[in-house]
1. Of all residues in segment 165-192, which are more than 22 Å from Gly27 (Cβ to Cβ) and either within 16 Å of ligand 2 (Cβ to nearest atom) or open to solvent by less than 10 Å² (accessible area, probe 1.4 Å) (or both)?
2. Would you confirm whether or not segment 87-102 contains a residue that is open to solvent by 40 Å² or more (accessible area, probe 1.4 Å), at pLDDT below 95, within 16 Å of ligand 1 (Cβ to nearest atom) and not acidic (Asp, Glu)?
3. Take Ser36 and decide whether it is within 16 Å of ligand 2 (Cβ to nearest atom) and in contact with an Asp or Glu (Cβ under 6 Å, 6 or more places away or on another chain).
4. Please list, ordered by first then second residue, the pairs with beta carbon atoms under 7 Å, 6 or more apart or interchain, first in segment 152-170 and part of a loop (DSSP other than H, G, I, E, B), second of a type in the set (Asp, Glu) and open to solvent by 30 Å² or more (accessible area, probe 1.4 Å).
5. Name the residues in segment 54-68 that are in contact (Cβ under 8 Å) with a residue 24 or more places away in the chain and either open to solvent by less than 50 Å² (accessible area, probe 1.4 Å) or within 10 Å of ligand 1 (Cβ to nearest atom) (or both), would you?
6. Looking at Leu118 and the list (1) surrounded by fewer than 20 Cβ atoms within 10 Å (Cβ to Cβ); (2) more than 30 Å from Gly39 (Cβ to Cβ), which single condition is not satisfied?
7. Take the conditions farther than 30 Å from Leu44 by Cβ and open to solvent by less than 70 Å² (accessible area, probe 1.4 Å) and apply them to Val213. Does it pass?
8. Just to be sure I understand the filter: pairs with C-beta atoms under 9 Å, separated by 6 or more residues or on different chains, first member in segment 105-129 and over 15 Å from Arg146 (Cβ atoms), second member among the β-branched types (Val, Ile, Thr) and open to solvent by 60 Å² or more (accessible area, probe 1.4 Å). Which pairs pass?
Amino acid sequence: MLQVKNIVFSYGKTKVLNDLSFQVEAGKCLAVIGESGSGKSTLLKVLRGEYDLSGGRVLWKDEDILGPKFNLVIGYDFIKYVAQEFELEPYISVEENIGQFLSNFYPEEKQERVTELLGVVELSEFAKTKVKLLSGGQKQRVALARAIAKQPEIILLDEPFSHIDNFKKQSLRRNLFSYMKDKNIACIVATHDKEDVLGYADKMMVLDENKIVALDSPKQLYEEPKLPLVASFFGEFNIIDDEIVYANRLKVVDISDLKVIVRRSYFKGDCYLIEGTVGTNAIFFENASKIKTGAQVFLGQKK
Ligand code: ADP
Ligand code: MG
């Protein structure tokens, strides 16, 4: 189990992580979310031992993860980290990049492993292609395959699908997360995409102003977000009588106390997001069809 105990970290005088504590068990996935600049990347770097802490401890199976003050070489073999700006060897092929840190002692096993990994990131047909010829998204997939190649015990992913287009994202995400579950790898993923969290993460942690402001299962945080920041991660919402109500929890009813003038309808695929006003306040709800601008409707909450 990864144990993070009251860690404090600053860049110079600027405190970025203030007293964070949490745990991640082997095979579990923790999603870290928060606005840009909230410290997600810094946290991942601290967890791999890239920086020295000014307080607290990080432990994996009772071994301290230490920073450069204590280690000649940054990082640990059992932790793999894929940075937001991933680094690859541009002049060698995809399969050579993936196999770079695998032992050459058992060439057949090595080849099998590389073939399996190419499958996970769906790059089999690019095995022999030089990395410099790949698109940003393809390079990101090579970086992911390289990170899981030696079956680390912990993997730290910083916005791992940010360069990957929607066509590929869904299946890649499924492949990668189920691979890590199968191999019992603990995963911490910094993300701004709710699709990475819902359905894949066991726990979700929200960072704001150097602190953890929420830490629970994605389902619990989705259903009872408590903070607007948490709700905003999942979708459009309103605050009605001091309560957070998602747009998809409101529906048009025959009559209610909530009288809305419709301002705009936005096509969302499976429904329309409708923007309206209640007096001078904006309100958002979902509806199966478009509603005419200027129309007056009443809203109620779905049961
Ligand atoms: P996130 O990944 O959530 O966007 P970061 O961890 O990158 O956030 O950044 C957190 C804060 O630390 C930001 O205010 C950022 O400007 C600052 N920061 C990040 N890296 C450095 C650095 N190497 N030196 C100084 N400040 C940094
Ligand atoms: Mg970042």
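1. His192
2. No, that holds for no residue.
3. Criteria not met by Ser36.
4. Phe161/Asp193
5. Gly55, Gly56, Val58, Leu59, Trp60
6. (1)
7. no
8. Filtered contacts from segment 105-129: Ser124/Thr115.
The values are calculated or read from the model by the stated rules, or taken from the named source; none is laboratory data. Computed from a predicted structure; not experimentally measured. FYI the Cβ positions are ideal-geometry reconstructions off the backbone, even for glycines, and counts take in every protein chain you see. Heads up: the accessible areas ignore ligands, DNA and RNA and are worked out on the full protein's heavy atoms, side chains in. Shrake-Rupley method; radii C 1.70, N 1.55, O 1.52, S 1.80 Å.
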